[in-house]
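So the structure is just underneath, and the comments pick up after that.
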Amino acid sequence: MSQESHSQLAIHPIDASNPGELLKRKQVARRTKLLGLIILILLALGAARTIVSRVIHARTLAEGSQQLAVQYVKTALAKSPDAVQTLALPGTLQGFVQSPISARASGYLRRWYKDIGSRVEKGEPLADIDTPEIDQQLTQAVAARQQAASSLELAKSSMARWEALRKRDAVSQQELDERRSASAQADSNLAAADANVERLRQLSSFKHVVAPFAGIVTRRNVDVGDLIDPGAGRPLFTLTQTDPLRVYVNVPQSYAQLVKQGQTVVVTQSELRGQKFQGKVARTAASIDTVTHSMQVEITLPNSQGILMPGSYVQVVLPLPASGVLVVPTNALLIRQEGTMVAIVDAQHRVHLKQVQVGRNFGETVEILNGAAPADRLVLNPSDSLAEGDQVNWTPDAPAAGAAPAARSAS
């Protein structure tokens, strides 16, 4: 190549007389080739790294997708409760005998002897009533009785004389019969007068108001000088027998068959923390109320120390015998168009949906009458998308459904 051509290509011609320049050009060419090879190696390494990274990411994504495809559920085992169940019901304490003490005699209150909170014995005086009208009526009745007695004596003596005259035929039989009738009438008048006197004496005795039984005066409605009118219907006192006490509770129909006479119950009061009182079921109504669909139960509660007060609000815990029916958590139920169902997981982690019949509802748990078997693994809080044959994994079991249930509340 001519020198002009080298100049146009910006290539300096090699001077043959200068071997150093030739060597220098060979080194530059060698370095250029080495640099190109390094660049190709780096590009190949980058491409290989990208390919490997993509393969790893694809494998990780596939594994993650496979894991996410498996549903994780929380399960519990269905069991029959072995322990005795309890039912907590609200109740109000009442005196075994609680009676308003009213006056039978009318008048004005002269004095009262017992105030609220006073303990009285049977026959102890509570109040005195001033009854001037009854006293005057009694005096009049006694005088009328004396008149009737005098009339009877005269009628009897007249009848005796007329009977003697009749034996001598001095009087007619008609006249004798009239005297006998007059004597009988006088006798009846005396009996009526005696009855009236006794009535007024009994009425007069009511001016002394006494306690008909031993108890506590829980209310006093009158004061000295008040007008006492038996027809007004206002009681003078309210007397309550506090030992023992009565508690009436309404047991729901679903538990009525389990409550029996003589059962021991536990009564608690929120204000008396840590204290429990034992009573007994005295009697039951033995019938279900058509309005409330519950049965009334009467409980007798001893109160010898007087700790409990009538009228207090209490909680009554009734022990109920174990029914032996399968009990499952309420959140295991699945309500669908086919009815109430449960999701059961088998040994191969497959889901099977079974329709069940529900019994009594205890709040956190519910009875299953049929459709499930003991030791079935039930899915808790099953999702609406859960279907027959789904593959699932479960987390550690929840507390056993058949454990002793807490006191059930039915207010």
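For the reader, a short list of remarks on this structure follows.
- Restricting attention to the range 330-376, the residues that are in a strand (DSSP E or B) and open to solvent by less than 50 Å² (accessible area, probe 1.4 Å) total 17.
- Some residue of the range 196-204 being in contact (Cβ under 8 Å) with a residue 60 or more places away in the chain, open to solvent by 50 Å² or more (accessible area, probe 1.4 Å) and in a loop (DSSP other than H, G, I, E, B): no
- Qualifying residue in the range 217-226 (condition: on the phi > 0 side of the Ramachandran plot and either under 41 Å from the mean Cα position of the chain (by Cα) or open to solvent by 70 Å² or more (accessible area, probe 1.4 Å) (or both)): no
- The residues of the range 106-135 that are open to solvent by 50 Å² or more (accessible area, probe 1.4 Å), under 47 Å from the mean Cα position of the chain (by Cα) and of a type in the set (Lys, Arg), listed by number, are Arg111, Arg119, Lys122.
- Selection within the range 304-329 - farther than 25 Å from Arg360 by Cβ, hydrophobic (A, V, I, L, M, F, W, C) and open to solvent by less than 50 Å² (accessible area, probe 1.4 Å): Leu308
- Residues of the range 235-291 satisfying the condition of being under 30 Å from Asp115 (Cβ atoms), in a loop (DSSP other than H, G, I, E, B) and open to solvent by 70 Å² or more (accessible area, probe 1.4 Å): Ser270, Glu271, Gln275
- Some residue of the range 302-324 being out of contact with any helix residue (DSSP H, G or I) (no Cβ under 9 Å at 6 or more places or on another chain) and under 14 Å from Gln253 (Cβ atoms): no
- Output for the range 292-303, where each listed residue is open to solvent by less than 30 Å² (accessible area, probe 1.4 Å), in contact with a Ser or Thr (Cβ under 8 Å, 6 or more places away or on another chain) and assigned to a strand (DSSP E or B): Met295, Val297, Glu298
- Where Val209 falls short, out of the listed (1) open to solvent by 50 Å² or more (accessible area, probe 1.4 Å); (2) of a type in the set (A, V, I, L, M); (3) modelled with pLDDT of 90 or more; (4) not in a helix (DSSP H, G or I): (1)
- Check on Thr92, of a type in the set (S, T, N, Q) and either more than 30 Å from Val265 (Cα to Cα) or surrounded by fewer than 16 Cβ atoms within 10 Å (Cβ to Cβ) (or both): yes
- Evaluating Val351 against the criteria (1) at pLDDT below 80; (2) of a type in the set (Val, Ile, Thr); (3) over 30 Å from Pro252 (Cβ atoms) leaves one unmet condition, (1).
- Restricting attention to the range 136-151, the residues that are surrounded by 14 or more Cβ atoms within 10 Å (Cβ to Cβ) and under 19 Å from Asp187 (Cα atoms) total 7.
- The single condition from (1) touching a Pro at 6+ places or on another chain (Cβ under 9 Å); (2) part of a strand (DSSP E or B); (3) within 30 Å of Asp384 (Cβ to Cβ) that Val316 fails is (3).
Here is a yes/no grid of residues against (1) touching a strand residue (DSSP E or B) at 6+ places or on another chain (Cβ under 7 Å); (2) of a type in the set (Ser, Thr, Tyr); (3) at pLDDT 70 or above:
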{"site": "Ala29", "(1), (2), (3)": "no, no, yes"}
{"site": "Lys33", "(1), (2), (3)": "no, no, yes"}
{"site": "Ser65", "(1), (2), (3)": "no, yes, no"}
{"site": "Gln71", "(1), (2), (3)": "yes, no, yes"}
{"site": "Ala88", "(1), (2), (3)": "yes, no, yes"}
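The values are calculated or read from the model by the stated rules, or taken from the named source; none is laboratory data. Every value quoted in this text rests on a predicted model; they were computed, and no experiment measured them. Glycine also receives a Cβ, built like all others from the backbone with ideal geometry; neighbour counts cover every protein chain displayed. The protein model used for the area step is the full one, side chains on, heavy atoms only, and it has no ligands, DNA or RNA in it. Shrake-Rupley method; radii C 1.70, N 1.55, O 1.52, S 1.80 Å.
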